[in-house]
Amino acid sequence: MGRSLPIKNSPLVKKSPLYNDYRTKKSHWHSLGPTSTLRWPQQPHSPHSSRLLAWFQERVSQRLAGVDGPQNPRRRIVLPLAEACDAVRSSVLALAANDLSPQYPKNDPWHHKFKELSQHHHQGALSLLASELKRLSALPLSETCPAASLVPTLASVMIVCNNDLLNSETSEWRMHLAVAREILNVANTHSDIEQSFSDMQVFFLQEYYATSVWMNMTNFNRVDKIVMKPPTSNEDAALSGFVHLIHHITQLERMKKAGEQSSASDTTASSSSFQAQSIYTEIYG
């Protein structure tokens, strides 16, 4: 997510209360058992839930899609998942309220009302995620955790990340992306992440991949190994080919810089040259 939302070049927050919330804050509604598969109970619908869900369906999902249409995954995948998972629902409501608030003048009571609703649902999502991440971090290496059971957690984190992308004054979205990476690390450790993915799994992996590429586009940090092999493009990611191209171009720049820093090593230079040639071949055919 976040491909059509503004990304500001704000400094990475090294320590924040929100970061601590993910690890220490308890759920106000329930605690997840050690064998939870994220089949969480629904909260009572708030008076404004219907309006916020309608706004997400009609406006937010359209903005976030590369190409809007009947198969828009925000409507086809995210909204049904929000009905089944409380954390996803809270994340969706927070994003919709945050997007709806600026539609009113700043002196309008509804502007402040939707801001408050966004913060309320945002904190609710973080509280639920904190409990689930605590459970995942305690999983024994021998315990199997089906990749499909991690999808609601990954979905909620990516939607929360998207919500923070709307707030140009914060860089908390970087922290959320790091949390998404840890969820995928759990999938790598406790399940067969290379299995045949469902449409839902592919979509959220693509969302993580695209956001990761944009995040690293202006720096020379090493690319996360998790996103080195992007998921296959499909109708749910109309811009995935373009994102893949940007990823390749930034890889070339990183290899160029690495070659400059290690010019004394013929082995490194030769390896970088070979990788660059492979990337150019894939880009230009």
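The values are calculated or read from the model by the stated rules, or taken from the named source; none is laboratory data. From a predicted model like this one, the values you see are computed outputs, not experimental measurements. Positions of Cβ are backbone-derived with ideal geometry, glycine not excepted, and every protein chain shown enters the neighbour counts.
Brief remarks follow.
- Long-range neighbours under 8 Å by Cβ, at least six apart or interchain, first residue surrounded by 15 or more Cβ atoms within 10 Å (Cβ to Cβ) within the range 48-72, second modelled with pLDDT of 85 or more and outside any helix (DSSP H, G or I): 61/72; 62/72; 65/72
- Spans of helices (runs of 4 or more DSSP H) in the range 85-183 with at least 3 residues basic (Lys, Arg) and out of contact with any His (no Cβ under 9 Å at 6 or more places or on another chain): 109-137
- Selected residue (criterion: modelled with the highest pLDDT) from residues of the range 124-142 that are surrounded by 14 or more Cβ atoms within 10 Å (Cβ to Cβ) and polar (S, T, N, Q): 127
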